[in-house]
Structure formats: C-alpha cells, structure tokens
Amino acid sequence: DIRGTMAAMGLRRLLQMAPPAAVLVGGIASGVQVARAEQFGMFKSFFSKIFTGWGEERKGRGLTSEEKEFLQENGYLVIRGFTSKSTCQRLRDRIGMLIDQFDPESSTSVFTTHEAKRQYQDKYFLESGDKIRFFWEEDAFASDGKTLQYPKRDCINKVGHALHTRDEIFRDYAVNLQSVARDIGLKQAIPIQSMYICKSPRTGGEVGPHQDSTFLYTDPPSVHGLWLSIDSADTENGCLWVVPKSQSTPIQKRFVRHKTDENTIGLQMVNHTKTLESLPMEGGIPLPTEAGDLVIIHGQLIHWSRENSSKKPRHALMVHVVDGSCAWSPSNWLQYEDGQQAFPTFDKLKA
C-alpha cells in the first residue's frame, strides 16, 4: 500500500526516493484496478511539483540501488522525470518536421500490430535498420489505398529504426541513456534501434502482448527497452500495460529473416521455446506516465498497449539496448545493409 510505504519510510526517505518513484509504482499490486492506478497518477502529479527540474538533474545519470533491485525483481521500472519536458518538446518538434518532409507517395508500408495481418515480405521495413523510415497506421488510407483519410501526421504509426544514429537531435537524447544501460547490467551496451511511436487520436491502434526479445534476440538474451513518454499517457490514450515479474517467461517466438527464393529475403514468425498458446495478460497493470518519464522494460517481460480512444496524442520514443558481449543473431530482422554487424556503441554516438 502506497500510504503504508510512506509511513514506514518516513518523509526524509520518501524525498530521497520520490524522483525515480519506481518503488512506489511497483507497490501497486498486480490485481489493482485501473482507477487505483489513476489515483496514483494524481499522487505522482502532486509530488512532481515538489521536484520540478529533477529531469535535468537525472540527465546522464544511472540507477539507484533501489531502482536496480526493483527492476531485477519485477522486470520493469518507471523513472519519474527522467528528462525534461523541454527535451520531449524538441523530440516532438523534430519528428513533426521529419514527417512533414516525408513524401507520402514514396511508401505505402503499413505497420500492423496483429500477427495474422503482418506483411512479412515488406522490403521497406526489412531495410530500415540503419535508416529513418515512416510506417503508416492500418486505417491511414481510404479504400483506394492511396488517399490519406486524416492529416499526414495523424496517419503515421511510427518512425524508425535509426533515429539515434541518423538525426542529431535524437542522438543527443540517446547518448544520455548510457549510464542507465550500464546499470541495467549490460557490459558493452549498444543502442540497437530507435523508433518514435505516434499513437495519434482516432488512428492509434493497439499493440498486442509481446516480448521484445522476440524481435531483437541475442544469445544469451540481453535486450531492454527504454521507453520515453513524450506525452502524458493514461488508460484512455494508450499507456503501457505490464505483467509484473513475467520476465521469467521463456521467449515464445522469434521474428526472423528467411530466404523466400534464391534472390529474396523475407520475414517470418517462428516458434522458439513455444510453451504457451498465447502470452498471458492476467495480472497486468497500467503504467500511467507524464512527459519525461522513462520506462525500462526487460526483453522477456509481457507488455502491451491499448488503442488511443481519447482526443489526446500519446507520443513515445523507444530505444532498445543490447549487450555487445552477447551474440547478435544473424537471423534477426534488424541487420545493417549488406549484412554489416558494426552497430554503433554509445561512445561512438558521442564522438
């Protein structure tokens, strides 16, 4: 119970832990109702006023011992006020400019979150690992397949997957994740991909339950997602949901490259250690966030987000990090052009 935790720790201890607030978020039991989580959001908003400017202080810093312990036990961690709202605004403004410059006739690549509908032979997606490319929402186009039904910015599902290497503003943000990646336990931390997720009103669809290691596999598994909330996110506009402690769930599937014929590479979903018919969502809790909050997600943690049913946007920036001392699978969908394996380290991004 949050109030019990406060009383036990005392105000001084609370003040020491309140900026990251990870333990308080984790204190919500897995069976808690959405309304309880939203009440916590009100509590967190009150304390965020006390700690105005904390995002700037957290910039470039790693994890506290309490945060490390919580992440290891639960498979996720919420760091309140990790970065400033002004940084979030710069990222939002930059992605808007990139979308405005994007020619909608150059690609009709649709990103779908439903496995049965995925178009695994999409070359535009397949070659996006070291580029900045734009992917449409499922409902972006009218019945003719060409005419946008909404303003272009509202029709983009996400932009990826190399914003952190190809764009200076996103690179400036990404380099500040190095200490966090180190404290996660990654010996040779590498930011393997970045994607800006729009989840706009009307068009922002759901993302079903999944494990990030399905898509970004190393041996042994090491991937972690670093999800930055650009907007305030709640249960109406599609905040993250997680199943606490589910990081012990074996990786069920892999999203891999395969040859469709002698000259063509395609993509397919294959079983890995298939032990479940579907990933369980029981015990899932919502993670309401404010702009500037960072969510760390273990690669095997079961998580998802619902559609944006509100009139508010829910922008987010995801940077995935892996351990360079672990073997990057040559069958992973994400490869640099011509099979190059020289993914940039954090130190290389800083240079």
Report task. Please report how far the C-alpha centroid of segment 227-274 lies from that of segment 288-351, rounded to the nearest whole angstrom. Result -> 11
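How large is the charge dipole for segment 58-350, taken about the Cα centre, if only the Cβ atoms of Lys, Arg (+1) and Asp, Glu (-1) carry charge, to the nearest 20 debye? The partial results should precede the final answer.
Details: 36 positive and 38 negative charges, 99 e Å.
Approximately 480 debye in magnitude.
Excluding ligands, DNA and RNA, what is the solvent-accessible area per residue of segment 58-350 at a probe of 1.4 Å, expressed in Å²?
Numbers: 12520 Å² over 293 residues.
Heavy-atom SASA per residue in segment 58-350 reads 43 Å².
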Query - Highest average packing first - 271-280, 225-234, 207-216, Cβ atoms within 10 Å - result: 225-234, 207-216, 271-280
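Once you list every other residue whose beta carbon is under 14 Å from the beta carbon of Ser246, what net charge do they have if Lys and Arg are +1 and Asp and Glu are -1?
On the way: positive: Lys245; negative: Glu73, Asp212, Glu282.
With Lys, Arg at +1 and Asp, Glu at -1, the net is -2.
Give me the percent relative contact order of segment 58-350, please, defined on Cα pairs under 8 angstrom at least 6 residues apart.
Numbers: 671 pairs, mean separation 82.3, N = 293.
Contact order relative to length: 28 percent.
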Query raised in the report: Going out from 0 in 10 Å bins, what whole percent of all Cα-Cα distances in segment 149-202 drops into each bin?
Result: 22, 38, 28, 11, 2
Report summary line: Rounded to two decimals, the Debye log10 I(q)/I(0) of segment 227-337 (Cα scatterers, no solvent) at q = 0.12, 0.14, 0.15 Å⁻¹ is -0.58, -0.77, -0.86
Query raised in the report: When N is the residue count of segment 58-350, what does its C-alpha Rg come to as a fraction of 2.2 N^0.38 Å?
Result: 0.94
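Give me the percent of DSSP beta bridges within segment 58-350 that run antiparallel, rounded to the nearest 5.
Values: 53 of 55 bridges.
If I count the DSSP bridges inside segment 58-350, around 95 percent turn out antiparallel.
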Query raised in the report: Going by average Cβ neighbours within 10 Å, how do the peptides 285-295, 142-152 rank, with the highest at the top?
Result: 285-295, 142-152
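The values are calculated or read from the model by the stated rules, or taken from the named source; none is laboratory data. All values reported here derive from a predicted model rather than from experimental measurement. Note that we place each Cβ from the backbone using ideal geometry, even for glycine, and neighbour counts take in every protein chain shown. Note: areas computed on protein heavy atoms with side chains; ligands, DNA, RNA excluded. Shrake-Rupley method; radii C 1.70, N 1.55, O 1.52, S 1.80 Å.
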